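Engineer: Once you've had a glance at the structure underneath, I'll fire off some questions.
Every number here is computed from the coordinates shown, using simple stated rules; none is lab data. This one's a predicted model, so the numbers in the text were calculated from it and none came from an experiment. Cβ atoms come from the backbone with ideal geometry, glycine included; neighbour counts cover every protein chain shown.
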């Protein structure tokens with residue numbers, strides 16, 4: 001029998017099948033193969049007890065993609081979810097998310113929440129940064145249910161993973177979309193200026209036919225995927241149109257003279273925040289490469 005893992009807690013996997021939901025353990029063969037079932041995986045199960053609805057996961061069907069953090073597989077799109085205020089957006093963390101999704105060829109929709117308490121000029125600035133990179137950006141208030149209908153429309157017929165830091169309001173949005181599965185929202189930690197990590201496990205929430213929403217634990221840091229430093233510029237799509245203006249082929253856009261990308265930054269055609277993150281990530285990848293060798 002086949003089904004899809006909709007929740008994973010403490011070594012148990014809850015698999016939805018055409019006959020209902022089963023509580024499953026993964027067979028030992030996965031440990032030997034160093035492969036772990038993920039929420040979102042389509043799997044084959046072996047029923048142990050039909051009355052108790054227990055089974056074993058015996059096979060993971062081929063994945064079209066998988067993410068390590070958040071740990072989820074088989075997604076159609078990512079909703080990258082940040083607050084405009086309390087906590088303030090952190091562009092470095094957001095850009096790390098975008099790179100991770102781009103490497104998995106997962107389309108991204110960026111959603112900035114809490115527009116009701118944010119300065120309108122600041123909100124427009126954040127939107128403009130990422131629209132200039134070719135991303136779709138929504139400004140919403142989940143608390144006041146402003147703009148949330150458009151978010152829900154974008155989710156229909158797809159499996160969407162929502163990723164973002166603690167305190168951004170992801171769980172508030174989840175609760176609006178599916179009242180039967182209630183996530184703790186908690187209060188914002190005033191001392192730290194960020195949210196408590198109130199979502200403790202990844203879970204697929206059915207919103208309708210072929211429509212799933214995966215809320216994931218919030219976090220405040222994310223490692224860059226392992227790659228060559230020279231590969232990084234591929235994940236800053238706004239650089240592409242200015243690269244032909246670089247004097248040197250294979251320009252890193254860091255220190256070379258007559259760099260078209262740096263000239264675009266100086267002329268305000270590429271946002272400074274994005275370029276600063278690119279430089280920081282480039283050096284970080286260089287250090288990672290040195291440690292490998």
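Engineer: Give the peptides 249-258, 152-161 in descending order of average Cβ contacts within 10 Å, highest first. Provide the component values of the computation, followed by the final result.
Structural biologist: Values: 249-258: 13.4, 152-161: 16.9.
Listed from highest to lowest mean packing, they are 152-161, 249-258.
Engineer: Follow-up. Got a sec? How would 278, 135 order by Cβ neighbour count within 10 Å, fewest to most? Don't skip to the end; give the middle numbers.
Structural biologist: Values: 278 23, 135 17.
If I rank by nearby Cβ atoms, fewest first, I get 135, 278.
Engineer: Still on this model: Mind sorting out which of (1) 16.7; (2) 17.9; (3) 20.9 is the real mean projected area of the Cα convex hull in nm² computed from the coordinates?
Structural biologist: (2)
Engineer: Right, another one. Using Cβ contacts closer than 10 Å as the measure, can you line up 2, 174 from fewest to most?
Structural biologist: 2, 174
Engineer: Can you give the angle from 0 to 90° between the axis of helix 272-292 and the longest principal axis of the chain, with both taken from C-alpha atoms, to the nearest 10?
Structural biologist: On a 0 to 90 degree scale, this one is about 70.
Engineer: Neighbour counts of other C-beta atoms within 10 Å: give me 119, 276 arranged from fewest to most.
Structural biologist: 119, 276
Engineer: Suppose only helical runs count, i.e. DSSP H with n ≥ 4. What mean residue ellipticity at 222 nm does that imply for the chain under -39500 (n - 2.57) per run, divided by all residues and rounded to the nearest 500 deg cm²/dmol? Before the final figure, lay out the partial values.
Structural biologist: Numbers: 7 runs with 73 residues, N = 293.
About -7500 deg cm²/dmol.
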